[in-house]
Structures are given as C-alpha cells and as structure tokens.
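**Student:** Quick one: the structure is below, questions incoming.
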Amino acid sequence: MSMDTTVFSGPLTTDRLVLRLFAEDDLNDMHAYQGLPEVARYLYRPPRDRARCAEVIERIGRGTHWKEDGDSLTLAVCRRDTPGVIGEVVVSLSSVHAAQAEIGWVFHPDHGGRGYATEAALALRDLAFQQLSVHRLFARLDADNTASARICERLSMRREAHLIESDRDGRGWGSEYVYAILAREAEPAGTD
Ligand SMILES: CC(C)(COP(=O)(O)OP(=O)(O)OC[C@H]1O[C@@H](n2cnc3c(N)ncnc32)[C@H](O)[C@@H]1OP(=O)(O)O)[C@@H](O)C(=O)NCCC(=O)NCCS
C-alpha cells in the first residue's frame, strides 16, 4: 500500500494522539465503530460491514494526491497511551480552483466525551491550512448532530447555513448545517 506522490508523509502527533494512514491491520478497529448503527446514524449511509471496511482501508491506506476535485485524505486516530485506532478524520478537496475542502470525523463511542475528536480535527484543520493550501474549510452535518456541531464550534468554525430537508436516508428527510472557517481566521492549535 504505497503511493509515491501521497500528500501526507505523517504521522502527525498531538498532545494525546497520533494521526496516520490506515493499514490492513486496522480492520477490526475500524469495523468496531464503522459497524455501529449509532455511529452511522447521521452519515446518510448504512453502517459498514467488515468487507466494506476492508475495501475502504485498501483505498484510503494508499494516501492521496491533492490536486483534483474529490481527492481525499483520511487519517486513523490512535491514542498515544493505548494501542489501536479509536476513530478517523477526513479532509476532502471539493474545489481545486477555489481551494475549498470539507472536513469530517467519525469516532468509537467508547472513546467519546474526552475531546479526542476535537484534538484530531484541530490537527487536521491546521494541516489543511498550512500544508494543503486550503483557503476555506467547511463541514456539512445533520442539524440534529449536536456533538458534531460542538466540534465545529471548538474549531472556531462559523455556522453559515441551515439547509432545510437537504438530504434523505431510510428515516426520511434530514436538515443540515454548514460550518466554515477561512485560513486567515484560524489560530494554529499546535502539533509536534
Ligand atoms: C461526532 C463525534 C466525533 C463527537 O464525539 P465527542 O466525543 O462528542 O467529541 P470529542 O471527542 O471532541 O469530545 C468532546 C467532549 O469531551 C469533553 N472533554 C472531556 N475531557 C476533555 C479534554 N481533556 N479535552 C477536551 N475536551 C474534553 C468536552 O467537554 C466535550 O464534551 P461536550 O460535547 O459535552 O461539551 C462522535 O459523536 C461520532 O463519532 N459520531 C458519529 C459519527 C458522526 O456523526 N460524525 C460526524 C458526521 S458530520
């Protein structure tokens, strides 16, 4: 699993976490959270079974270019004090021309409520601005996903839109918030 032009050389280290590319050995850890209905609830797609997780790891583990619309970097998040992957953060290039990128996060609920998702998202926000030349970073989330909205606010993102019934899944229509921050507005959180 290597790509000579990957945009991420990693790993990225924060106070409590290490962010790195996924590897085949992370399959059980990824499935432990991506397979949970409660985790997929606001993702507008079903939980992932093991086979789907293996396919995803095969793709995202290679890293990515950062030069075409749709290029996407997903990083496995590990605690420095315990082995294993506790979640993931992702940044996707939505417009090369306008240097726009979308950020997202998915974590195992066993590791929730301790600020790990926020810490990882801050590190990825800073990477996006400092190394990927992103001008505007945005997040799009279900308006009922209050935990996710709180992460956006801790990242100093501004709520820019409330989209009414803008998406749909098996439960029906869902409304969304769009949060965003510009590169010049971000104070780096500080990573090693
Ligand atoms: C969204 C998601 C990552 C949020 O998880 P989370 O545990 O609330 O987020 P964090 O890990 O950043 O933890 C934040 C909480 O830890 C608390 N905390 C405890 N110790 C802390 C510490 N040392 N440092 C920082 N925060 C700490 C914070 O106060 C905060 O609590 P609050 O939200 O009640 O104010 C998680 O719910 C999830 O994975 N959901 C499913 C996937 C999903 O919906 N993804 C988003 C799609 S848009």
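The values are calculated or read from the model by the stated rules, or taken from the named source; none is laboratory data. Every value quoted in this text rests on a predicted model; they were computed, and no experiment measured them. All Cβ positions, glycine included, derive from the backbone under ideal geometry; neighbour counts span all protein chains shown. What goes into the accessible areas is simple: the full protein's heavy atoms, side chains included, and nothing from ligands, DNA or RNA. Shrake-Rupley method; radii C 1.70, N 1.55, O 1.52, S 1.80 Å.
**Student:** May I ask for the net charge around residue 174, where only other residues with Cβ less than 13 Å from the Cβ of residue 174 are counted and Lys, Arg are +1 while Asp, Glu are -1?
**Tutor:** Net of charged neighbours comes to -1.
**Student:** Work through the residues other than residue 26 whose Cβ is under 11 Å from its Cβ and net out their charges, Lys, Arg +1 and Asp, Glu -1.
**Tutor:** -3
**Student:** Moving on. Compute the projected area of the convex hull of the Cα atoms of the chain, averaged over all viewing directions, and report it in nm² to one decimal place.
**Tutor:** 10.5 nm²
**Student:** So what's the convex hull volume per residue for the Cα atoms of the stretch 81-146, in Å³?
**Tutor:** Here the figure is 101 Å³ per residue.
**Student:** Under a 10 Å cutoff between Cα atoms, tell me which one of 52, 171, 80 has the largest fluctuation in the Gaussian network model of the chain.
**Tutor:** 171
**Student:** Under the Karplus relation 6.51 cos²θ - 1.76 cosθ + 1.60, θ = phi - 60°, what is the ordered set of whole-Hz ³J(HN,Hα) values for the stretch 73-81, x standing for Gly and Pro?
**Tutor:** Per-residue couplings from phi come out as 10, 10, 10, 6, 10, 10, 6, 6, 9 Hz.
**Student:** Still on this structure, please answer the following. Please give the per residue accessible area of the stretch 12-137, computed with a probe of 1.4 Å over protein heavy atoms only, in Å².
**Tutor:** 46 Å²
**Student:** Could you rank 57, 164 by how accessible they are, 1.4 Å probe, largest area first?
**Tutor:** Order by accessible area, largest first: 164, 57.
**Student:** Then there is this: Return the carbon/sulfur percentage of the accessible area of the chain, one whole number, probe 1.4 Å, all protein chains in place.
**Tutor:** After summing per-atom areas, the C and S share lands at 46 percent.
**Student:** Counting just the Cα atoms, what span does the stretch 139-192 cover along each of its three principal axes? Round to the nearest Å and put the largest first.
**Tutor:** 43, 20, 14
**Student:** While we're on this one: Can you name the helices of the chain, as whole DSSP H runs, whose Cα span along the helix axis is 18 Å or more and whose Kyte-Doolittle mean is not below 0.0?
**Tutor:** Answer set is 116-130.
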